[in-house]
Each structure stands twice: as C-alpha cells, then as structure tokens.
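Structure record follows, encoded as structure tokens.
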Amino acid sequence: LLVFWIVIKNKGNKSNAFKKVIIFFVTLLSVLAPWTLRNYYQLHSFIPLSNHSGITLYNSYVVPETGLSFNSLQGVGNEYYEIQDETGENRYLIKKTIEYIKANPINVIKITIKKVLLLFYPFDGYWYSISFGSKFNVFWGIVFCFSTIGFIVNLTNYNIDKSLIYLLLASFFINTIVFYGSPRFR
C-alpha cells in the first residue's frame, strides 16, 4: 500500500515516482536481507522473515474450542509430528490452512467477521467464542471514539499526505482479516 501511495502522490512525475519506489524497495531489502540470509544458512530454505506464518494462519482459521489466538494443533494429523524441521512444519501448516479454507468457506466468512468485530470490540478479557462480556476498556473506548470523529471530520478535507494514514489503517485492517483479530492488535 505504501508503493501505491508513492505512485499516487507522484502521479504527475512518473520518473520521480519510479525513483522513490526503487528507494523504498532497496531500503526494504537492505533491512530484510541480513535476516533472510541468516534464515537461509540456518534453515537451508528461503524464509524472508519468520517461520511462524504457518502456526499463525492455522490458528487464525482452524479455531480451537478455546478460541482465537490459542496455539492449537487440533486436527493437524500425525503427519505433522513426523516432520523433522521447522520449515517443513511451517509449510505443512500453511498447506493445511489453505485446505481448510477451501473446504469450509462459510466458517471462514464467519471467523473473518468475528476477527473484524474483535478488533473494534471495546471489552477486554474473555472475548473468545464462549463469552463477549467482560470489563470495558475505557482507554480504547476513548481512542476509538475520537479516532472515528477525526476520520469523519477529515473526510471532507482531502489531502494526499493524510491518505498515507488511511493506507496504514487499511494495511492494518487487512492484516487483521488475514490473521486473527486479537484486541492486543489495537
């Protein structure tokens, strides 16, 4: 989304936009390259950031009875426990998540709606599927209310620089939809 914003901001000057996009990617790669190389030498596989995407995705869609964000390997099968390396485990869990999503589209829609609601839900504590009731988070309630007011007030006052904030929020929202919508993500 940041590349999209750079292109829109510099739409009158395509060469400037191209330079800024190149600078963005070079900077991004210079930050990620050392860790990616470390992962390659340690794990003998191309892993740009982390080997935790499999467990995160699996627990975001294949939700155990205890609710979202609990690391449960419920239903992975015995094949998982026979895998000898963490990269193989990660890839196996990603594969199982994709299989689950294809086989259970209605459940995925329901869990996605729940993830979005949990992101904005002003109560902390037992927010799992068992109960939506607990103590009201006063600070989140205040921040959310003022953020909503600020968002509405600034809709009529368009500024390309302000749109960067909206793209950041959109990126965060997309991340919440893909992964689980824990209140701690706020």
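The values are calculated or read from the model by the stated rules, or taken from the named source; none is laboratory data. Everything quoted here is computed from the prediction, not taken from an experiment. With ideal geometry, Cβ positions are generated from the backbone for all residues, glycine too; neighbour counts draw on all protein chains shown. Protein only, heavy atoms only, side chains kept; ligands, DNA and RNA dropped before computing areas. Shrake-Rupley method; radii C 1.70, N 1.55, O 1.52, S 1.80 Å.
Residue pairs whose Cβ atoms lie under 9 Å apart, sitting 6 or more positions apart in sequence or on different chains, and linking a residue in region 109-137 that is of a type in the set (A, V, I, L, M) to a partner that is at pLDDT 75 or above and buried (at least 17 other Cβ atoms within 10 Å of the Cβ), are Ile111/Ser60; Ile111/Tyr61; Ile111/Val63; Val116/Thr176; Leu118/Thr176; Leu119/Thr176. Of all residues assigned to region 82-89, at least one qualifies as being over 20 Å from the mean Cα position of the chain (by Cα), more than 21 Å from Asn39 (Cα to Cα) and open to solvent by 40 Å² or more (accessible area, probe 1.4 Å). As a summary of the residue check, Tyr58 satisfies the conditions (1) more than 30 Å from Tyr166 (Cβ to Cβ); (2) modelled with pLDDT of 85 or more; (3) exposed (fewer than 13 other Cβ atoms within 10 Å of the Cβ); (4) within 19 Å of the chain's Cα centre (by Cα) except for the one numbered (3). Scanning region 14-23 for residues that are open to solvent by 60 Å² or more (accessible area, probe 1.4 Å) and either in contact with a His (Cβ under 7 Å, 6 or more places away or on another chain) or within 20 Å of Lys162 (Cβ to Cβ) (or both) yields a single hit, Lys20. Restricted to region 17-118, the set of helices (runs of 4 or more DSSP H) holding at least 2 residues that are among the polar types (S, T, N, Q) and within 19 Å of Ile174 (Cα to Cα) comprises 53-61.
Among the residues of region 100-118, which ones are modelled with pLDDT under 85 and open to solvent by 70 Å² or more (accessible area, probe 1.4 Å)? Residue satisfying the conditions is Leu117 alone.
Applying the set (1) closer than 23 Å to Tyr58 by Cβ; (2) in a helix (DSSP H, G or I); (3) modelled with pLDDT of 80 or more to Ser147 leaves exactly one unmet item: (1).
Among the candidates Tyr158, Tyr121, Tyr180, the residue that is of a type in the set (Phe, Trp, Tyr), at pLDDT below 80 and open to solvent by 70 Å² or more (accessible area, probe 1.4 Å) is uniquely Tyr158.
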